[in-house]
Structure formats: C-alpha cells, structure tokens
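The values are calculated or read from the model by the stated rules, or taken from the named source; none is laboratory data. Quick caveat, the model's predicted, so the values are computed rather than measured. Glycine gets a Cβ as well: all are built from the backbone with ideal geometry, and neighbour counts include every protein chain shown. Areas reflect the complete protein model, heavy atoms only, side chains present, ligands, DNA and RNA absent. Shrake-Rupley method; radii C 1.70, N 1.55, O 1.52, S 1.80 Å.
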Amino acid sequence: MESIIVDPRILTLATEITESPEQNVPVIMLKLKEILNSAPLGSSELKKIKQDIYCYDLIQYCLLVLRKDVTKIQGGWMTISQLAQIVSQCCVGLEPTEDAEEFYNKLLPSAAENFLVLGRRLQKYYISALEDEEKDKFLLHFQSVIDSLCWLLRGHIQLTKYVLQSDHFLHLFLTDDVETGSAVMNVLQNILQVKSGDLLMIKEKALHSILDELVFKLSSSTSLVIGSVAIKLLLLMAKSQPEIMMLLRSRYTGLKSMLSKQWSGKEIDQELKQLLSLLSSEGYQEEDQKFYQAACKIQAAWKGFQTRKRMKKLPYVVTTLQRNFRNKREQQLLKLKKQKEEEDLRLQLQLQRHRAIRISREHRLNLLEIVHPGQMGKHIQEMEEKSALIIQKHWRGYRERKNFHQQKQSLKEYKAAVILQRAALKFLRKCQKKKKMSYSWRGLPELTDARRMELKQHVDDYIKRHSLDSSNQETQGSEMSDVASRELHTQAQERLGHYLLGRALEGRAQQRREALQAQISTNIEQLMSAPHLRETTGQEPELFISRSRPVATRAKQAHLATLIEKQSPWWKKLGDEVEDEEVIPKEALNIDLGTLFIGGSKSP
C-alpha cells in the first residue's frame with residue numbers, strides 16, 4: 001500500500017485545532033495564510049497544500065467560523081476578513097480528487113453566500129457608524145471581503161449565476177451609500193466582463209431588480225462615481241446582450257431624456273453618448289416625449305391626491321405607526337435572538353461533527369503507520385464485523401421496543417377481557433347457587449313411581465301400628481306434644497342461629513376476597529397504564545407507594561352502590577330478598593312460639 005504523504009505543517013495545525021478550545025480556533029487557523037504564501041503561485045506544491053487543507057476539512061472549519069458571532073471571536077472583523085481571504089485563496093485553483101461533487105455543489109456556493117452575508121453585515125455597521133475612524137475600519141474590512149468574493153468568482157466562473165440570483169447580493173446592491181454601492185457595482189462589472197452571458201440565464205425578477213436599481217441610482221444620485229459606474233454597466237449590458245437593450249427601451253421609456261438632462265456635460269460624456277446612441281431609434285424620440293408628458297401628468301395628479309389624503313389622516317396615524325413600529329421591532333428582536341441561538345447550536349453541532357471526522361481520519365492515518373500493510377485487510381474486516389454487530393444490536397433493541405409498545409394496548413385489552421369473563425362466570429355461579437337454595441323445599445326431581453309406592457307403603461304401616469293407642473293417650477299425647485314441640489323449636493332456633501352466623505362469617509370472608517381482588521386488579525391497571533420513565537412528572541410514584549388508595553377506591557364504589565340501593569323504592573327490593581346475603585337481625589329470631597307449635601295452637 002502506498003503511503004499518503006501529508007504536509008507536516010498542516011498535520012500539526014489540524015492536531016492543534018483539535019486539542020485547542022473552541023474560542024482559540026479562529027486565531028490558530030490564520031496560520032494557513034503563512035503556509036499558503038510559502039509556495040509559489042501555480043506550482044504543484046501549492047496545489048498539494050490546498051488538497052491537504054481540503055482533505056482535513058480546514059476549509060469547512062473556516063466557513064463555520066465565518067458564520068459565528070464576531071463578538072465571540074478573538075480579533076473581531078480583522079480575523080474574519082483574513083479568514084475570508086484564506087478561503088478564497090484555498091478554493092481558487094483547487095481540483096479535489098475526492099468528493100468533487102460536494103466541493104462544487106455545496107462548498108463553493110456556501111463560501112459565496114458567506115461572503116455576501118459578511119458584506120451585508122459590514123455594510124450595515126459602516127452605515128450606522130458615527131466616527132470617521134470606525135467607518136474607515138469597516139470600509140476596509142468590507143472591501144477585503146468583496147475582493148475575496150471577486151477572487152473566488154474569477155477562479156470559479158460557474159458561481160456568477162448563483163451570486164446574481166442571491167437575495168444577499170440584491171440587498172448589497174440596493175443601497176444609497178456611495179462607497180459600498182460603488183464597490184458592489186464593481187463586482188457586477190467584473191462579473192459581466194468575465195461572463196456576461198449568465199445575465200440572461202438568471203431569473204427575470206432578479207434581472208429586473210438589477211436594472212431597476214441601476215436606473216434608480218442614475219435618476220436619484222448626484223455622485224459622479226455612482227453615475228459613471230452605472231452608465232458603464234448599462235453600456236456593457238447593452239453591447240453584450242441585445243435583448244437587454246430592447247428591455248431598456250420598452251421598460252424605461254424616459255431613460256434617454258433623463259440621462260441627457262441630468263448627466264450631460266460631465267466627465268462621462270463619451271460613455272453617455274454611446275449609451276444614448278444605442279437607445280435612439282426612429283420615432284423613438286417623439287414617442288418618448290409623449291410618454292414622458294403623460295407620465296408627468298399622471299404622477300402629478302396621483303401625488304396630489306396622495307398628499308391630500310395623507311394630510312387628512314396624519315393626526316390619527318402617528319400613534320398607530322408608533323405602536324406598530326414598536327411591536328414589529330420587538331418581534332424582530334425576538335426572532336433574531338431565536339435565530340442566533342439556533343445558528344449557534346447548529347454551528348456547534350457541525351463543529352463537533354467535523355472534529356469527530358478529523359479525529360477518525362487521524363486515527364486511520366495512525367493505523368496506516370502502526371498496522372502492517374499485509375494485516376490491514378484483516379483489521380478492516382474485523383472492524384466492519386464489530387460495527388455490524390453494534391448496528392444489529394441497536395436495531396434489534398429498537399425493533400423489540402417498538403413491538404412491545406404496539407402490543408401493549410392489545411395486552412391491556414386481553415387482561416380486561418379475562419377480568420370481565422372471570423367476574424361474569426363468578427356471577428353466574430352465584431346466581432345458580434342461589435337459585436338452587438331458593439328451590440330446595442321442592443321434592444327430589446329424580447323420584448320414580450316405584451319409590452313413591454314404597455314410601456306410601458311405609459306411611460300406611462306406620463299409621464296402622466299407631467292407630468290403636470291414639471284413643472287412650474289423647475290427653476297425655478297433647479301434653480307430650482306441647483313439650484316436644486317446645487324442645488324441637490329450641491333446637492331448630494339454635495341450628496338456624498348457627499347457620500345464619502356461619503353465613504355472616506362466610507359473607508365477610510367473601511367481601512374480603514372481593515376487596516383483595518379489586519386491589520390486585522387496580523394495581524394491575526395502574527402498572528399497565530403507567531407512563532414511560534422519560535415521561536414521568538414526579539407525581540406517579542405516589543400512586544404506587546400508597547397501598548390504601550385502591551382499597552379506598554373500592555370502598556367508595558361499594559358505599560355509592562349501598563346509597564343507591566337504600567334510596568330505591570321498597571317495591572324494587574321485593575325480588576332481592578332471596579338473593580341478599582345479609583345477616584338476619586336478632587329480633588327476627590324472637591318469634592312467637594305459638595306460631596311454631598307442632599301439636600296445635602298454644603293454650604291461652
């Protein structure tokens with residue numbers, strides 16, 4: 001395997017960036033300028049240096065630093081402008097052998113957009129600055145960033161179409177400042193001189209915006225610098241593209257008269273005459289004059305109407321404007337703050353990702369130095385198998401958790417169905433048992449005719465044996481039957497008391513079993529409906545720590561059922577007397593003995 005030779009300075013710089021804190025990275029990356037200047041222009045050594053810088057993602061690091069807040073970077077705008085020069089210098093002349101599509105389709109447009117965004121920020125600071133010294137600094141940095149953009153466009157002509165259609169370029173172009181406006185117009189002039197054919201390939205809206213701004217600058221500005229550059233741009237567009245010449249004639253009908261009145265007799269007469277000659281055509285002057293007069297009348301009438309209307313509403317509009325302005329400013333500040341936080345977070349994540357990629361590549365290079373070339377294939381195969389096992393483990397865990405969450409609802413429904421079935425079967429058995437007890441006084445259902453005849457024969461024999469002594473012992477029999485009936489009544493009463501007491505104890509045990517079953521069912525429902533650990537709020541543990549909550553819930557339900565039963569009318573309770581398992585009160589056992597007298601009615 002061929003060894004990869006990397007410039008030790010770049011390797012040392014990448015290692016230093018990796019091990020240094022994040023706030024020191026921009027200053028460390030300025031050392032790239034010294035490395036790039038050490039090789040002559042156009043040499044193979046310089047191309048190799050740029051290739052190594054791109055392979056170690058140092059260009060991407062520079063772009064990420066350009067997006068960060070300037071106040072958090074050591075050196076401020078000076079560091080930013082130097083990093084912009086380094087990026088443009090690295091990108092021009094670079095022909096990557098790996099990831100070429102990502103370089104041309106992502107990295108280069110991202111670099112151009114970063115330069116335009118930096119230009120807008122510097123333009124804003126330059127316009128809002130109050131001191132001359134501060135203005136000069138911002139203008140110097142702005143010019144440095146614009147020069148870096150021009151250098152990048154000269155090296156990669158395909159970016160001109162992207163830059164001309166960019167909203168940031170149009171915002172830079174739409175300015176009333178002379179210094180920054182002339183610099184941006186020079187960029188447009190350089191683009192047209194290098195590749196003017198891309199001007200017709202951009203969107204129609206962007207082309208109209210550029211032409212509108214050039215015509216507006218000629219009509220509103222009195223600066224000779226702005227006028228000269230704007231006339232040169234229009235002349236260059238008209239000469240290179242006849243379609244733009246036709247657009248100027250049809251879209252800006254009063255352009256010729258405005259140029260001849262406002263800019264004639266100055267130092268730019270030569271370019272002005274050439275532009276006026278291109279704008280001139282047969283019948284164009286008369287038609288231009290008519291359109292100009294009609295436009296003046298329409299504008300005068302419209303401006304008068306608008307002025308009168310505005311003067312009437314002015315006293316009532318001031319407060320509304322102030323309120324709307326303040327609300328809009330607050331919303332913009334909140335939006336900017338949110339965007340800044342999101343941008344910082346995204347940049348931090350990208351920095352971490354690039355740092356991890358660079359560490360991985362350094363680890364790979366170290367392996368090339370440590371591992372024998374003959375064992376490299378085996379080592380790579382082992383690493384791939386280990387990675388595949390880790391991926392399979394995570395995927396299987398994710399799949400099982402997903403299946404469990406999908407089956408959780410069906411399992412809950414199955415448990416509920418089992419509980420309902422158990423309760424229904426228990427209720428049916430209970431009803432069947434009560435039904436048998438209510439019909440226990442009836443005879444045996446399986447009594448045959450032969451058994452009936454046998455029982456009848458026993459009754460007849462008994463009557464024959466005891467019929468002779470009935471007349472002699474009539475008086476004594478009545479007394480004996482009274483005592484026997486009392487003893488029999490006492491025994492029956494005791495047995496009935498024991499039976500009812502046993503039923504009461506059995507009822508309490510049954511109630512306790514039902515309470516325990518309700519508690520178990522409630523605990524199962526709570527466990528099944530318990531949220532995930534990541535979704536807990538702190539109140540859920542109390543539901544599982546307290547053991548009295550399920551019992552209290554069951555007691556409350558039983559209490560409500562008892563109240564509803566007590567409040568129901570008496571006629572609804574007639575059918576439930578046999579089914580109730582309540583204990584018979586003691587007063588019900590104190591029955592008059594005369595009603596149960598077996599031998600006859602009790603003597604008074």
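Table for the structure above
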| quantity | calculated |
| --- | --- |
| Charge dipole magnitude, Cβ of K and R +1, D and E -1 - the stretch 1-115, Cα centre, debye nearest 20 | 460 debye |
| Qualifying GluC sites (Glu not before Pro) in the stretch 117-163, DSSP loop, other Cβ atoms within 10 Å at most 13 | Glu131 |
| Nearest-0.05 FRET efficiency for Arg364 and Lys402, computed from C-beta distance (R0 25 Å) | 0.10 |
| The stretch 239-394 - accessible surface per residue (Å², probe 1.4 Å) | 80 Å² |
| Surface accessible to a 1.4 Å probe, per residue, for the residues of the stretch 7-146, Å² | 47 Å² |
| Residue-span extension gain [Val194 to Glu384] - 0.36 nm each, minus C-alpha spacing | 63.4 nm |
| Accessible area of Met528 in the full protein assembly, 1.4 Å probe (Å², nearest 10) | 40 Å² |
| Unsatisfied cross-links (Cα-Cα over 31 Å) in the set Lys135/Lys337; Lys124/Lys239; Lys426/Lys556; Lys48/Lys203; Lys135/Lys239 | Lys124/Lys239; Lys48/Lys203; Lys135/Lys239 |
| Residue-by-residue Karplus 3J(HN,Hα) for the stretch 307-324, coefficients 6.51, -1.76, 1.60, Hz, glycine and proline x | 5, 5, 5, 5, 5, 5, 8, 4, x, 8, 9, 4, 5, 5, 5, 4, 5, 5 |
| Accessible surface of the stretch 372-423 [probe 1.4 Å, protein heavy atoms]: carbon and sulfur percent | 59 percent |
| Protection proxy ranking, peptides 333-346, 151-164, average beta carbon neighbours within 10 Å, highest first | 151-164, 333-346 |
| Restraint check, Lys436/Lys566; Lys33/Lys68; Lys161/Lys340, Cα-Cα greater than 25 Å | Lys436/Lys566; Lys161/Lys340 |
| Solvent-accessible surface ranking, highest first, for Tyr292, Tyr398 at 1.4 angstrom | Tyr398, Tyr292 |
| Length gained when the stretch Ser128-Arg353 is fully extended (0.36 nm per residue, less Cα-Cα span) | 77.3 nm |
| Euclidean distance of C-alpha centroids, the stretch 1-42 and the stretch 347-383, integer Å | 19 Å |
| Of the chymotrypsin sites (Phe, Trp or Tyr not before Pro) in the stretch 300-392, those whose Cβ has at most 15 other Cβ within 10 Å and which sit in DSSP loop | none |
| Positive-end extreme of charge dipole, the stretch 332-405 - chosen from Gln348, Ile390, His363 (charges on Cβ) | Gln348 |
| Per residue, in Å², the accessible surface of the stretch 480-529 once ligands and nucleic acids are set aside, probe 1.4 Å | 73 Å² |
| Three-way shape label, the stretch 272-378, alpha-carbon gyration tensor, a/c 1.5 | oblate |
| Accessible carbon and sulfur surface of the stretch 107-176 relative to its total accessible area, %, 1.4 Å | 54 percent |
